[in-house]
Each structure stands twice: as C-alpha cells, then as structure tokens.
Amino acid sequence: MAQQVAQADWHMSKKDEVLKRLGASADGLTTVQAERYLREQGPNLLPEIHRRSLFRMLLDQFSDFMIMVLLVAALISGFVGEAQDTIAIIIIIFLNAIIGTVQEYRAEQAIAALREMAVPDARVRRDGEVVTVAAAELVTGDIVLLEMGNVVPADLRLLETEEMQADESALTGESHPVDKQDVLLSEPELAPGDRINIAFKSSMITRGRGKGVVVATGLATEIGHIAELLRTERSVKTPLQKRLTRFGRYLALAVLAICAVVFVAGLLQGQPILHMFLIAVSLAVAAIPEALPAVVTLSLAFGAHRLIRQNALVRNLPAVETLGSVTYICADKTGTLTQNKMTVELFYSAGQRYQSLRAIDANAALLELGHALALNNNVTLISDKPTGEPTELALFIAAHEAGFDKKLLQQEKPRLAVIPFDSTRKQMTTIHQSGTEVVAYCKGAPEHVLADCVDASGAEGKIAFVVEAVLAEAEQLAREGYRVLAVAKRRFAVLPEQIEAQFIEGQLTFLGLVALIDPPRPEVSQAVADCLAAGITPVMITGDHPGTAMAIASRLGIADSDKTIMTGSELAELSDEEYARLVKTVRVYARVSPAQKLRIVKALQQNGEFVAMTGDGVNDAPALKRAGIGIAMGKKGTDVAREAADMVLLDDNFSTIVRSVKYGRRIFDNIRKFIKYTMSSNSGEIWTLFLAPFLGLPIPLLPIHILWINLVTDGLPGLAFTAEPAEPNIMSRPPRPPEENIFAHGMWQYILWVGLLVGGVSIASQAWAISRGLDYWQTMVFTVLTLSQLFHSLAVRSETASLFSIGLLSNLPMLGAVLFTFCLQMAVIYLPFLNQLFHTQPLPLFDLLVCIMFSSVVLFVVEIQKWLRCRHTINIGQAVI
C-alpha cells in the first residue's frame, strides 16, 4: 500500500471488490495496518509547496526591464549632481517593489487556505470498534461513518446510505444537495457531480447518514487534484504590465540613440566634450519618465480605494486597470449569477400554472397543496428562523408566504408518523390527524408519485390521460430548467396499523407540481446587457445540469439558442484544434470539471481574448489564478477562491463587475493621457536640443534646466491625471485588444507632432530673443519650454472634448498643480538665490508675457486638432447614415 490505488473506476467497482483492492474489511483496519499505511502513504493533507522567502520575492521585483532602466537613470542623476532625483527615483522603485512583493505573497496563500479546509477529526472503525481519529491520520481502507453536519474527511466509496445528501457546490458547482447512494455505476467517464456513490473530501453532509471506505487521501482526492492544478498553474501578465515592459524597452533604445546624436552634434558644433556629455546624460534622465511608476501606482491605488466603496476589494493592484481590457467574463452560475438559494417559482394544479398559492381562482387542490407543503417537511424554527434542508426550506417558505403557517396547521393536523425519503422510492410521506380522519401527504419525484395516484373521482378510465398530461407538464418544466416535485395525498378513516410505504403510498390523490429553481440575481440581467454594450462577452460556466444552466442563461440574455451550450462530456471529446474553432461560439458550459474550466480559459486566451473569471468555489481556484483577472465572491466564496483571485466582490453582486470595468477603463485612459503628455513634453525637449544646433543656434539649455523641467512638469501635473474624470463614451466602446500597443490610435504620431510643435515654439522664442540681442535669451527658452508643457497638460486632459467644454474646475488637482508649478517657475526666474543656482535672469513683464504667448500656442493648436478630429468623425457618421 505504498502507493494509492488509481481511483478513476472506484464508482464502477462492487463494494466487496473495493474492500479487497484496498486490503480492508467491513470492520475497518487494525491499528497496526493503519499505522503502516500512514507511513507509506503520508498524512491526509495537501502538501505545502516550496515557497520563496519574502526577501527573494523582493529581489525578483528588480528584474523588470523598466525598473533596471530607472535604476540607471538614478545613477546618472547622481553622477550629474542631482541627488534629489536619485533619491526620488529609488524611493519610487522600492515602493513598487514592496507592493509587488505583497501581491505575490498574498497570491500564494491559496494553497494554505486549501490545506485548512481539512476537517480536524473523523469517526472510523478501527480494530472492530468506532473511534475518533484526526482526519490527517486517515488512510485508504479506513471505514468512515458519516451523518448530517459532517464534513467528509477524504474521498469515500459509499458502502451504506440512509436518505443521504451532500452539498458539493464548492467542488462541483451544483446549486442543490446531491442524493448519495451506495449503488453500482457503469459509465466510466463521469463528472464528479454524477458519481453519486462517491463522497468527496470537504463536501458537507446535509441530510441522512452513511458509511464509506476511504479510497483516496491528500493529493489523490478530487480536491487534491484541484490543489495540484492551482500549485502548477502560472498567472498571466496583465495588459498594462506587458505594455509598460514594451514601452520601457523601446524608450531606452530610443533615448540612447537620440542622446548619442545630440552628443555628436554638439561636438561637431565645437562644444566642449564634458559639457555635451552632461547635456546628453541630462537629456537621458529627462527623456525617461521616472514619474510613470508613481502615476501608475497612484492611479491604481486611487482606483482600488474607490472600488472598495463600490464593494469591490482589489487584492492585486494591476487588476484595477486590467478590467478595462476584459473581452470575456467567464462567470460561475451558482452564487455568482444566481442567488444560491432554492426558490419555488411555479405551481401546477388542475391543468393550470400558478405563480403563487394565493391565486385568486385557487381550487381546492391548490389550497390542499399549501397545507401539504407546510406540513410535509422537517423544517424547524430556531429563534423564529426556519432551518432545514434547502429544498424543504424553499417549499416551507413558499407555503408560509402564501399564509400557510406550519405552527397553526400542526395544531389542526398534528403529525402522527413519517415515512422518510429513500433513494428507491424517491418520495417522503407524513401522516397527520385531520379531525376524525387521518391524512397522508406525499412529495417526491413526479414519475414515482404519479405512479401511485388515481384521479379524484377514482375513474380508472381517466387515470392514463391524467398521468400522461401531468408527466408531460413535469418534463416541460424540467426542460425550462426547474427542479420538479409532485405532491399528493391520501385519506384514511383511522390510522393504519402498518406505517409502511407499501400500505400508505398508494391510491393517492394528485394535488400539484412544484417547480423550484436557484433564481438569477435581480440586478444581473442589466449587468449582462451593460457588458454586451461594452463589447464584453459573458459566458456561463457551471457544474450544474444543462437544462438548468440554459434556462438561467436565457433569462439573463447570455444565450438565446441551444446551439450555444456545451457539456463537459462534449468538451472532453473535442481535440484542442476542434475546440479552438468552436470556443467563441459557446456561451454556456454545463457539467464541467475544474480542469475543463481551466481549458476554457486557456482556449479563449489562445484566441487572443483577455478573460475574467468569476467564481466562489474551490473548483474555481485554478481558473481564477490562470485568468487575466480572477474575481471571487466575498460573501459566499471560499477562502481558496478569494486567495487565488485578483479581486473580491464584497457584495457578491455581478453588476459590481460592470462598475469596476468602467473604473478600469478610466484608469488606463488616464495613464495613457499621462504617457501622451509626458512623452510629448520630453520629445519637445529633445527636438529643442536636437534642432537648435542644426539651425545655427547655440545649445538652448543647461543640464540643470533639463532636470528642473523634468522634475516640475512630470511631477505634480503628471500625478493630477489620476483624478481626471471618465470620458463620456467610456462604456460604449469595445475593449482594448489585449496585445494592442500603448501607442495605438495615433498616439506616437501625436507625440511626434506635438513634440515638434513644443520644440518649434521654444526655438522660435530663442531666435526671437537672440535677434533682439537679449542676454537672458536662455531664461526665455527655459520658461517657454516649461510653460508650454503646462498648457499642454490642460489640453491633453480629454482626447475628444475641448478644455473649454469640460472646464478648468472639473479636475481641481490638475488646476492646482499647474498653478503651483507656474509659481515654482516664477520663483526660479525672480528669486536671486535661485537665479544663481539655475543660471537664470529676471524677465521684464513684456518678455514674460511674450513667453506666455509663445507657450499658449500649444494649447490652442491641440484644441483645434481635437475640433477638426471630432468634426471629421461626425461627417463620417453622417455619410454612413
């Protein structure tokens, strides 16, 4: 027994064969056997993976290319004597490293949470006696005793069951407890939810009792397979991480090339080598937007803070922006799209459907149906709160809401006896005293209950037609996704002597059908519609029955055709190539396993889609980790799901995802606006230094001027972009393609021409000042270059709307940053001690106004460009119409 026996066919093996293969007996193992097996198999625990230390995680954060570029920039800043820049860059780098380390540490808590799901002890037979042992000490061959309320300690092949049901929703996605039986199954490839003779580790026994033999422990269990998937599955980089990595590489290469050109051009002009070297390295520092990590971090942090107020807790900061790239949302049905609560929706009686037992034209059978539902259950009231098995609880609530009070009815019709539900009869009967008579109420599977019914008149000629019609209605309700129960009654003059099913459950009078379903959350339909409007495709992935899944999907607008549904067994038969051709046509998956959920996410990703996965169960954890963004439920979700996810919905509300998508898109827009602004400004500095020598003008700026411009213009104005409101059309446009370059949609052309405009305006001011013989021409160029970037920061706040329409007050932090930076520039010009430090001279009022005039050209030109672009778009739209 050093190796556990392969468990794929346990459900197909006879009980005595199972015991023989495991070397066990019905009386359990001996203590000696158990100890030997434990040494050979190891404890019934999920092994903890090797984890990196926090220090190693911290070191790994510095392997990113953009971080290395910034470290080089910090060294260069220190070399040219700007220690404050070096300190600022290093602080930003360490801030990002600490955040990244915390994110990785939290992500690895999924396995730890999975381990903690093990129950502390179990009742087993050892040496022929029932004893309690630690669940970690269970081995294959142990005989485990189960009863209502127990958590299953290992995977068990059931040997005996009495009305046993198990809640496997966290493992399989089933919305209601599953009947467990000790029968022999014949189909080899069955999903976990269909293996009714296996009790799975970590599921909960909700009804009855049973006995089973341990066939798998630890990683060999079904939940262990999920743990292994979770341990080995790698996370994918977010679109923002990919874009910034590419951006950093391209920028570094471009900066090195431009600095080399500027350095050579200065030498050819006869400038000193040391002076040109300082100019070149200063330009390199200025060209690299070291404020970018700070802007990104603050944007994400502010977004995460706002999302908490919207009931979305972000565990991984990049996830805030990642939502803006989502093209598919793969949503688990139970508890995510639905309420995870069985509810009665329809009643069928006397050939008609009713929404409530309070129907105006209620017939006698419908009224009697209310009595039956109120009395035929084991629901108890604890502090006036009903508790019991979910299906019975739903029936009780439906009757209670219609005015059938169990307490009052029990006084009128006290219970005399009960015939419990069993898996063979598939029905339950309670017997009550009703005045001078005795009445029996029976509920169960329609085909079983109706087989025992006669019609009210007792006319044998009508029974076939009645049963056929009711069965047809039951089948139709099942196709609509309902779980259907039939209810009937029988009257006796006196209490029968033999309270057994064969004497009681016959000659029944049919009362009605009851249709139950786990209903959709009321707000989800609108959330799905919003997703579709935003170009996001919602997909339902569930372990539930195909009919139930399709019914919910149709109600929510996720799917409108049976051709869009695929079952786990159908998926298993497809090759990867065949499935890749079909994956974008499927909107509903039913009866899927955890590995198949992972396969669905991977297939969509291989087709270029960026996938968000929502879920709440243990079975969702591997897919949550693999998905571009994993979204777990906060109220009903498991710790495993929450630890594996990037974001947790605190209110379990699907519509919160839509609001989060809006925040994600807004954040990316603002990051893109900052890059657009800072790169245009930096390119303006580069063009100014690059073109001036070729036009016969002296080098316009000193190294300290370049560093100052970089510090003040990329600083506060750059950070103020994080407060920019969302664009008006943000949720009516399609998602950004995950692989789309950050410079897409004309951004690099914009950077080029605005940079040339800024450089041209600056050189024009230099030429104008030199032509007038002004000895403070360098101060004027310095001022124009600084102020033109401030004007540009106002113009670039919106890609389509004019600054004059959105108003200066719509982003007060930006207005404050621009005014404060303007004051700093004035201080550099007019304060004597700063004149010496920055080699500047005070400007006369007229020349200052000339500088402002030159600088404002950038604002007006960009505003004109936006106006022309919008007009062109309108004309195209009218032409199409």
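For region 566-595, what are the residues that are open to solvent by less than 30 Å² (accessible area, probe 1.4 Å) and either farther than 15 Å from residue 329 by Cα or not hydroxyl-bearing (Ser, Thr, Tyr) (or both)? Break it down stepwise before answering.
Going residue by residue through region 566-595, those that are open to solvent by less than 30 Å² (accessible area, probe 1.4 Å) are 566-568, 571, 579, 583, 586, 588-590, 592-594.
Scanning region 566-595 gives 566, 567, 568, 571, 579, 583, 586, 588, 590, 592, 593, 594.
Within region 655-697, how many residues are farther than 22 Å from residue 800 by Cα and either without any contact (Cβ under 8 Å) to a residue 60 or more places away in the chain or β-branched (Val, Ile, Thr) (or both)?
Residues flagged as farther than 22 Å from residue 800 by Cα and either without any contact (Cβ under 8 Å) to a residue 60 or more places away in the chain or β-branched (Val, Ile, Thr) (or both) within region 655-697 amount to 6.
Quick one: is residue 704 part of a helix (DSSP H, G or I), in contact with a helix residue (DSSP H, G or I) (Cβ under 9 Å, 6 or more places away or on another chain) and either acidic (Asp, Glu) or open to solvent by 10 Å² or more (accessible area, probe 1.4 Å) (or both)? Don't jump to the end; show me each part of the working.
Values: part of a helix (DSSP H, G or I): yes; in contact with a helix residue (DSSP H, G or I) (Cβ under 9 Å, 6 or more places away or on another chain): yes; either acidic (Asp, Glu) or open to solvent by 10 Å² or more (accessible area, probe 1.4 Å) (or both): yes.
Here the answer is yes, as residue 704 does meet what is asked.
Which residue, of 805, 798, is under 26 Å from residue 746 (Cα atoms), free of Cβ contacts under 8 Å to residues at least 60 places away in the same chain and of a type outside the set (A, V, I, L, M, F, W, C)? Talk me through it step by step, then tell me what you get.
Working: 798 fails: free of Cβ contacts under 8 Å to residues at least 60 places away in the same chain.
Testing whether each residue is under 26 Å from residue 746 (Cα atoms), free of Cβ contacts under 8 Å to residues at least 60 places away in the same chain and of a type outside the set (A, V, I, L, M, F, W, C) leaves just 805.
Take the conditions at pLDDT 95 or above and of a type in the set (A, V, I, L, M) and apply them to residue 474. Does it pass?
Working: at pLDDT 95 or above: no; of a type in the set (A, V, I, L, M): yes.
The answer is no for residue 474.
Quick check on region 385-393. Is at least one of its residues open to solvent by 40 Å² or more (accessible area, probe 1.4 Å), more than 16 Å from residue 347 (Cα to Cα), out of contact with any Ser or Thr (no Cβ under 8 Å at 6 or more places or on another chain) and among the basic types (Lys, Arg)?
There is at least one residue in region 385-393 that is open to solvent by 40 Å² or more (accessible area, probe 1.4 Å), more than 16 Å from residue 347 (Cα to Cα), out of contact with any Ser or Thr (no Cβ under 8 Å at 6 or more places or on another chain) and among the basic types (Lys, Arg).
Mind listing just one residue for me: the one in region 639-674 that is of a type in the set (Val, Ile, Thr) and under 12 Å from the mean Cα position of the chain (by Cα) and, of those, surrounded by the most Cβ atoms within 10 Å (Cβ to Cβ)?
The selected residue is 657.
Look at residue 364 and say whether it is open to solvent by 10 Å² or more (accessible area, probe 1.4 Å) and without any contact (Cβ under 8 Å) to a residue 12 or more places away in the chain.
On the way: open to solvent by 10 Å² or more (accessible area, probe 1.4 Å): yes; without any contact (Cβ under 8 Å) to a residue 12 or more places away in the chain: yes.
For residue 364, the condition - open to solvent by 10 Å² or more (accessible area, probe 1.4 Å) and without any contact (Cβ under 8 Å) to a residue 12 or more places away in the chain - is met.
Determine, yes or no, whether residue 230 is closer than 25 Å to residue 737 by Cα, open to solvent by less than 30 Å² (accessible area, probe 1.4 Å), in a helix (DSSP H, G or I) and at pLDDT below 80. Quick ask: steps written out before the conclusion?
Values: closer than 25 Å to residue 737 by Cα: no; open to solvent by less than 30 Å² (accessible area, probe 1.4 Å): yes; in a helix (DSSP H, G or I): yes; at pLDDT below 80: yes.
So residue 230 does not fit the description; no.
Among the residues of region 533-589, which ones are polar (S, T, N, Q) and out of contact with any helix residue (DSSP H, G or I) (no Cβ under 7 Å at 6 or more places or on another chain)?
To start, the set of residues in region 533-589 that are polar (S, T, N, Q) comprises 537, 542, 548, 554, 561, 564, 567, 569, 575, 585.
537, 548, 554, 561, 569, 575, listed by residue number.
In the list 857, 861, 784, which residue meets the criterion of being open to solvent by less than 40 Å² (accessible area, probe 1.4 Å) and aliphatic (A, V, I, L, M)?
Testing whether each residue is open to solvent by less than 40 Å² (accessible area, probe 1.4 Å) and aliphatic (A, V, I, L, M) leaves just 784.
Quick one: would you say residue 24 is at negative phi, surrounded by 19 or more Cβ atoms within 10 Å (Cβ to Cβ) and either in a helix (DSSP H, G or I) or modelled with pLDDT of 90 or more (or both)? Explain how you work it out, then say what you get.
Details: at negative phi: yes; surrounded by 19 or more Cβ atoms within 10 Å (Cβ to Cβ): yes; either in a helix (DSSP H, G or I) or modelled with pLDDT of 90 or more (or both): no.
So residue 24 does not fit the description; no.
Kindly state which helices (runs of 4 or more DSSP H) lie completely within region 353-455 and contain at least 3 residues that are under 39 Å from the mean Cα position of the chain (by Cα).
Numbers: elements: 364-375, 390-401, 406-412, 446-451.
Output list reads 390-401.
Among the residues of region 510-544, which ones are touching an Asp or Glu at 6+ places or on another chain (Cβ under 9 Å), modelled with pLDDT under 90 and outside any loop (DSSP other than H, G, I, E, B)?
541
Would you check if there is a residue in region 456-464 being surrounded by fewer than 20 Cβ atoms within 10 Å (Cβ to Cβ) and modelled with pLDDT of 90 or more? It would help to see each step written out before you state the result.
Taking region 456-464 first, the residues surrounded by fewer than 20 Cβ atoms within 10 Å (Cβ to Cβ) are 456-464.
Next, from what is left, pick out any that are modelled with pLDDT of 90 or more: none.
No, because not a single residue in region 456-464 is surrounded by fewer than 20 Cβ atoms within 10 Å (Cβ to Cβ) and modelled with pLDDT of 90 or more.
Is it the case that some residue within region 831-852 is free of Cβ contacts under 8 Å to residues at least 12 places away in the same chain, open to solvent by less than 50 Å² (accessible area, probe 1.4 Å) and farther than 22 Å from residue 757 by Cβ?
Taking region 831-852 and keeping what is free of Cβ contacts under 8 Å to residues at least 12 places away in the same chain, we get 831-836, 844-846, 849.
After this cut, where a residue has to be open to solvent by less than 50 Å² (accessible area, probe 1.4 Å) as well, the list is 834-835.
Subset that is farther than 22 Å from residue 757 by Cβ: 834-835.
Looking for residues that are free of Cβ contacts under 8 Å to residues at least 12 places away in the same chain, open to solvent by less than 50 Å² (accessible area, probe 1.4 Å) and farther than 22 Å from residue 757 by Cβ, one finds at least one in region 831-852, hence yes.
Please name all residue pairs, on different chains or six or more residues apart, with Cβ atoms under 8 Å, provided the first residue is in region 413-437 and is within 15 Å of residue 502 (Cβ to Cβ) and the second residue is of a type in the set (Val, Ile, Thr) and part of a loop (DSSP other than H, G, I, E, B).
417/499; 419/499; 431/499
Quick check, is residue 379 of a type in the set (Val, Ile, Thr) and out of contact with any Lys or Arg (no Cβ under 9 Å at 6 or more places or on another chain)? Let's see the steps before the verdict.
Working: of a type in the set (Val, Ile, Thr): yes; out of contact with any Lys or Arg (no Cβ under 9 Å at 6 or more places or on another chain): no.
So residue 379 does not fit the description; no.
Can you name the number of the only condition in (1) within 28 Å of residue 867 (Cβ to Cβ); (2) open to solvent by 10 Å² or more (accessible area, probe 1.4 Å); (3) assigned to a helix (DSSP H, G or I) that residue 726 fails?
Only one criterion is unmet by residue 726, namely (3).
For region 520-544, enumerate the residues that are open to solvent by 10 Å² or more (accessible area, probe 1.4 Å) and either of a type in the set (Gly, Ala, Ser) or in contact (Cβ under 8 Å) with a residue 60 or more places away in the chain (or both). Break it down into steps so the answer makes sense when it comes.
Looking only at region 520-544, we keep the residues that are open to solvent by 10 Å² or more (accessible area, probe 1.4 Å), and these are 520-523, 525-526, 529-530, 532-533, 535, 537.
Scanning region 520-544 gives 520, 521, 523, 525, 526, 529, 530, 533, 535, 537.
Out of 818, 758, report the one residue that is in a helix (DSSP H, G or I), open to solvent by less than 10 Å² (accessible area, probe 1.4 Å), in contact (Cβ under 8 Å) with a residue 40 or more places away in the chain and under 20 Å from residue 707 (Cα atoms). Can you show your working first?
Numbers: 818 fails: open to solvent by less than 10 Å² (accessible area, probe 1.4 Å).
Answer to the check: 758.
The values are calculated or read from the model by the stated rules, or taken from the named source; none is laboratory data. Owing to the predicted nature of the structure, the values given are computational and were not obtained by experimental measurement. Counting neighbours? That spans all protein chains shown, and the Cβs are built from the backbone with ideal geometry, glycine included. The area values use the complete protein model at the heavy-atom level, side chains included, leaving out ligands, DNA and RNA. Shrake-Rupley method; radii C 1.70, N 1.55, O 1.52, S 1.80 Å.
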